[in-house]
Amino acid sequence: MESKMDFKKRNVITEQQRSMSSWDMFATWIGANANNGTWYIGGVIAACGFLTSSTLLIIVGCLSYVLLALTSLMGYETGLNTMSLTRGSFGIKGSILPSIINVIQFIGWAAVNTYIAAISVSYILRDIFGWNANNQAMDRVGIFAGIIIMSILHLLSISLGEKSVRWIERVGIVLVTIFVIWESIIVLRTVPLSEIIAWRPSSEFSLSSGSAIDILAAFNLAWVTAAADFSRFAKTKKSATWYSFLGANIGLIWFALMGLIATIATAITIDKFDPNNSDPSTIATKLGLGALALIVIMLTSTTANAVNLMAAGSAITNIFSRIKLKTALFIVTIAATFVTFIPAYVATFLETFQLFLDGIGMFLGPEIAIFLTDYFILRHRKYNIEEFDNTTGKYWYYHGINLLAFGSWIIGVVVYFVLRQVGWFTNNIGVTFVAIIITGIIYYILSKIKEAH
């Protein structure tokens with residue numbers, strides 16, 4: 001075990017190191033959500049119809065990013081990244097499991113964005129070399145080439161650690177803004193907004209409100225476990241919390257709404273709705289937006305993945321404390337490159353994506369409930385960071401693991417799984433937020449019972 005001074009020196013961000021302004025935090029979280037995956041999410045929930053989908057985007061976004069703002073406050077007050085903070089609730093050794101899950105999920109998100117961007121690259125290569133649109137073998141070659149090209153861009157984007165992430169978000173947000181405004185004009189010229197609002201999917205592709213809530217919640221909650229990784233660099237509490245909350249919501253609503261509108265517009269134009277074709281590259285091609293749109297889609301993948309890779313790298317530094325952040329970033333970027341090839345060999349990208357989201361919702365919701373309840377309610381926002389690597393201290397619990405936290409987590413996962421089998425929840429309100437509330441209550445009660453004894 002390293003010494004206490006080593007732990008603080010390696011992990012706690014000091015006042016002098018806090019360099020992210022309110023604009024930086026705002027741009028980081030807009031850039032995190034203004035990406036291919038968010039667009040794709042908008043296309044998937046289009047199966048609820050425009051009015052239901054757009055309403056759920058706002059409601060679920062606000063609920064989810066309140067949790068993000070709270071986690072951001074934890075990072076700002078302690079100077080620690082999110083996974084290091086889980087040492088307080090799950091135990092010094094126990095925090096390794098949430099960290100492993102975070103590494104897996106953010107490598108997964110990086111792979112999702114990379115794969116969607118690789119589709120853009122394949123379309124560009126198809127135009128350059130004149131490949132037949134029905135030539136699946138050459139399409140696969142194009143996607144593989146796209147994965148390699150995007151991975152090289154990602155390696156460049158994380159080469160300077162937190163500094164390069166900050167600059168990528170500053171530049172990327174300008175490009176994304178131009179692209180969305182331009183695309184919005186073209187889409188709404190093609191199909192009037194009144195037709196988009198009135199459109200309804202066939203019963204074959206219809207999606208219930210509860211299912212849409214769970215899809216959106218899983219998508220949004222992933223960012224909650226990365227919030228402190230960035231807020232610990234914030235100069236002020238307001239920039240760490242409010243600007244994170246606003247940026248994440250604006251990015252979500254902005255880009256998911258574009259994905260929603262463009263997917264419905266495409267369905268109206270070609271008289272066919274297929275959520276498998278909701279990715280921005282396919283839609284941009286069908287609407288005739290040209291190669292420039294595809295290039296911008298590639299760039300949005302880079303801005304989003306800068307955040308994904310930073311979160312995965314930060315989690316690795318909690319598991320292996322002697323690995324430096326920059327080294328960890330290169331490790332997760334290379335790992336994400338290999339994972340990105342998986343969708344090319346499975347049934348459909350949509351099936352893989354939804355399975356991935358189900359896993360996130362099942363595990364992350366209860367985990368978030370536990371570490372927020374521990375910090376804000378049980379510990380009253382006071383962690384003794386000096387003890388975060390002390391094998392005889394209060395955060396060692398039982399052999400380094402807080403059994404109450406893990407027991408509550410397991411119960412929360414079971415609750416999530418059981419409620420998914422109940423039609424009323426899946427049709428109406430979803431199960432993610434219900435599982436979060438139940439898990440938080442269970443962890444609080446068990447902790448109080450232990451404290452009383």
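The values are calculated or read from the model by the stated rules, or taken from the named source; none is laboratory data. Since this is a predicted model, take the numbers as computed values, not measurements. Here the Cβ is made from the backbone with ideal geometry for all residues, glycine too, and neighbour counts use every protein chain on show.
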Just wondering, is there one or more residues in region 302-309 that are over 30 Å from G49 (Cα atoms), at pLDDT 80 or above, assigned to a loop (DSSP other than H, G, I, E, B) and not charged (D, E, K, R)?
no
Pairs please, first residue from region 343-366 and outside any loop (DSSP other than H, G, I, E, B), second anywhere and modelled with pLDDT of 70 or more and exposed (fewer than 15 other Cβ atoms within 10 Å of the Cβ), Cβ atoms under 9 Å, 6+ apart in sequence or on different chains.
A344/R140; T352/I342; M362/F417; P366/I410
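Collect the residues in region 320-371 that are within 19 Å of V431 (Cα to Cα) and modelled with pLDDT of 80 or more, keeping them in residue-number order.
M362, F363, L364, G365, P366, E367, I368, A369, I370
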Among (1) surrounded by fewer than 24 Cβ atoms within 10 Å (Cβ to Cβ); (2) modelled with pLDDT of 80 or more; (3) over 24 Å from G108 (Cα atoms), there is one condition I264 misses while meeting the rest; what is its number?
(1)
Considering only region 426-437, how many residues are at negative phi and surrounded by 21 or more Cβ atoms within 10 Å (Cβ to Cβ)?
4
Looking only at region 79-113, filter to residues that are of a type in the set (S, T, N, Q) and in a loop (DSSP other than H, G, I, E, B); which one of those is modelled with the lowest pLDDT?
N81
Unique match (being under 21 Å from T55 (Cα atoms) and free of Cβ contacts under 8 Å to residues at least 12 places away in the same chain) among S211, S194, S202:
S194
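Would you say G79 is under 25 Å from S244 (Cα atoms) and surrounded by 24 or more Cβ atoms within 10 Å (Cβ to Cβ)?
It is false that G79 is under 25 Å from S244 (Cα atoms) and surrounded by 24 or more Cβ atoms within 10 Å (Cβ to Cβ).
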Taking only pairs six or more apart or across chains, which ones have beta-carbon atoms under 6 Å, a first residue in region 372-392 that is farther than 15 Å from S84 by Cβ, and a second residue that is at pLDDT below 90?
T391/M1
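Look through D214, D271 and report the one residue that is among the acidic types (D, E), surrounded by fewer than 24 Cβ atoms within 10 Å (Cβ to Cβ) and more than 29 Å from V12 (Cα to Cα).
Answer to the selection: D271.
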Residue tally, condition assigned to a loop (DSSP other than H, G, I, E, B), closer than 19 Å to F371 by Cα and more than 10 Å from the chain's Cα centre (by Cα), over region 209-253
1
Within region 22-48, work out how many residues are farther than 15 Å from A227 by Cα and among the small types (G, A, S).
6
